[in-house]
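Below is one structure, written out as structure tokens; the observations come after it.
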Amino acid sequence: MGLAFVDLCYKRGYKGRGMKNYLITGGAGFIGSHLVDRLLATGVERITVIDDFNDFYDPSIKRDNIHEHLKDPRYTLSEVDIRDRAALEQTFKANNFDCVVHLAARAGVRPSLSEPQLYTETNINGTLNLLELARSSNIKQFVFGSSSSVYGINAKVPFSEDDPIRQPISPYAATKGAGELLCHAYSHLYGLRCVCLRFFTVYGPRQRPDLAIHKFAKLITQRKPIPVFGDGSTRRDYTYVDDIIDGVMAAIDYDQTNYEVINLGESRTVELNELISLLEKELDTHAIIDRQPPQPGDVPQTYADISKARALLGYQPKTQIEEGLRRFVEWFRMSSL
């Protein structure tokens, strides 16, 4: 990072709209830590990260993600659970945030089936806490990290933001849809500009260990069976993390309307069987397949229509799955040393 990277951000259209002070929830996680990398490279004055370092996966992974960030005097870490309204309020009172990027959530479709109460409390009540504090603090911009899971089993492809989302098939998907609706209510009632970004299967360096690409890579290199649910014909719109961050940065800059829902994907679907083959090629190791029944809550495919993102955000994903997996495996091997 450095001046060249800052120049690149401006060439991609990022202006920051005069914003200097950012709150990033979930900023020690996979997507959040990459966003902090990018923001620090643009010369922002201050970033506050909220993360509770819960035990959904090994908290030391998140500590590693932010190791370099902690050295930057512009960076502040606040170890707070977004369900804790009083603690959040103290963080807001101590700062004058220009923008909130809300990425903190209990993530994952399958775990939400066993802990729906936790997902509801965190993803809905936590989001409401942040919207209330953003409203009372006169925040200019609120960017919400939503999910392609809100589309449920959508027969129409590619998935468009105008498609109905009234039939989620997991508690996680339902909570993300609820978050979008809360954002709309606060935008309508209080003029809080809200941009809801539906992320499509994000991958890349620092990816969570429970997600398929990272999980499969680890098991393949250990010569252990990888669990494949169903016949491997499910399809996902895998989106490289750098492309996602381009979209988030543009959403931070967006000021044309007070409420938008925007897909951020690659706009290409990859079958699970093909993904495994590509991973085998990059790892130069054959995968041992452990066939499992299809999982409740899993959708057969995701496929993003990104025409709105192109039009409103200038979004243009650049990293195809073959190149993205090569970069992921390079990071994976280095992190495993």
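The values are calculated or read from the model by the stated rules, or taken from the named source; none is laboratory data. None of the values given here were measured: they were computed from a predicted structure. We place every Cβ from the backbone using ideal geometry, glycine too, and count neighbours over all the protein chains shown.
Structural remarks
- Among the residues making up the range 123-169, those that are in a loop (DSSP other than H, G, I, E, B), closer than 24 Å to residue 268 by Cβ and either among the charged types (D, E, K, R) or touching a residue at least 60 places away in the same chain (Cβ under 8 Å) (or both) are 152, 153, 154, 156, 157, 158, 160, 161, 162, 163, 169.
- Residue within the range 254-275 that is crowded, with 16+ Cβ neighbours inside 10 Å, modelled with pLDDT of 95 or more, part of a helix (DSSP H, G or I) and touching a His at 6+ places or on another chain (Cβ under 9 Å) present: no
- Cβ pairs under 8 Å, 6+ apart, first in the range 317-337 and under 15 Å from residue 200 (Cβ atoms), second basic (Lys, Arg) and surrounded by 14 or more Cβ atoms within 10 Å (Cβ to Cβ): 319/327; 320/268; 321/268
- Count of residues meeting criterion [within 23 Å of residue 249 (Cα to Cα) and surrounded by fewer than 20 Cβ atoms within 10 Å (Cβ to Cβ)] in the range 134-161: 6
- Being surrounded by 17 or more Cβ atoms within 10 Å (Cβ to Cβ), touching a strand residue (DSSP E or B) at 6+ places or on another chain (Cβ under 6 Å) and part of a loop (DSSP other than H, G, I, E, B) is a property that holds for residue 80.
- Some residue of the range 31-42 being outside any helix (DSSP H, G or I) and at pLDDT 95 or above: no
- When residue 180 is tested against (1) touching a residue at least 60 places away in the same chain (Cβ under 8 Å); (2) within 30 Å of residue 129 (Cβ to Cβ); (3) outside any helix (DSSP H, G or I), just one condition goes unmet, and that condition is (3).
Matching residues to (1) at pLDDT below 95; (2) crowded, with 22+ Cβ neighbours inside 10 Å:
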| residue | (1), (2) |
| --- | --- |
| 23 | no, yes |
| 52 | no, yes |
| 60 | no, no |
| 84 | no, no |
| 98 | no, no |
| 108 | yes, no |
| 114 | no, no |
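- Here residue 248 does not fit the description of being touching a His at 6+ places or on another chain (Cβ under 6 Å), buried (at least 20 other Cβ atoms within 10 Å of the Cβ), within 30 Å of residue 43 (Cα to Cα) and modelled with pLDDT of 95 or more.
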